[in-house]
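Every number here is computed from the coordinates shown, using simple stated rules; none is lab data. None of these values were measured; they are calculated from a predicted model. Using ideal geometry, Cβ is built from the backbone for each residue, glycine included, and neighbour counts are taken over all protein chains shown.
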Amino acid sequence: TRDWSSDVCSSDRTLPHESMHELYQMADVFVLPSLTEGLPIVVLEAMAAGLPVLVHHDPLYLWAVDDKRAVIDMSMTGKLREAIVQLAADPVQRRIVGESMMHRARQRFDWPNLKADYISMYDAVCQG
């Protein structure tokens, strides 16, 4: 296994895209601690890699992850810690949630599925 410490801690903080899957596989959980943000690709990548994902309670994130176990109110002190501790203590639950995330990512965000959605959206716009 490659030692990523020099890459991750480098001053420019960039990693080759082709290395990301390997890095995701090294993690136990992915946390996006932002309270407000769009839908970052990094969340979808982590889901596709089969990681359990923890995001702030927000309608967009709830739609994206489609799993209430992954959505927590990070504005409340201690909630993120509780969720991380709970996942850290239960490898079976991490695997189950991670598999759910991977299934959701493939079901909703793989290109063949997105393509049909985009075509429908463009057709609706063009038809007025």
statement: Across Met26, Met101, Met74, the residue with the highest GNM fluctuation in the chain (Cα network, 10 Å cutoff) is Met26
field: Helix 91-109 axis, angle to the chain major axis (alpha carbon atoms, nearest 10°)
entry: 30 degrees
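For the range 34-88, just say rounded, prolate or oblate: build the C-alpha gyration tensor, square-root its eigenvalues into a ≥ b ≥ c, call rounded for a/c under 1.5, and beyond that prolate if a/b exceeds b/c, oblate if not.
oblate
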task: Please work out the FRET efficiency for the pair Asp110 and Met26, using the Cβ-Cβ distance as r and a Förster radius of 41 Å; give the result to the nearest 0.05.
output: 0.95
field: Gain upon complete extension [Ala88, Ile119; 0.36 nm per residue less C-alpha separation]
entry: 7.0 nm
message: Between Ser75 and Glu99, what is 0.36 nm times their sequence separation minus the Cα-Cα distance? Round to one decimal in nm.
response: 6.0 nm
- prompt: When log10 I(q)/I(0) by the Debye sum over Cα atoms at q = 0.11, 0.15, 0.17 Å⁻¹ is calculated directly from the model, which label among (i) -0.46, -0.80, -0.97; (ii) -0.36, -0.67, -0.86; (iii) -0.50, -0.76, -0.89 fits?
  reply: (i)
query: Over the alpha carbons of the range 82-128, what is the largest minus smallest coordinate on each principal axis, giving the biggest first in Å?
result: 53, 20, 9
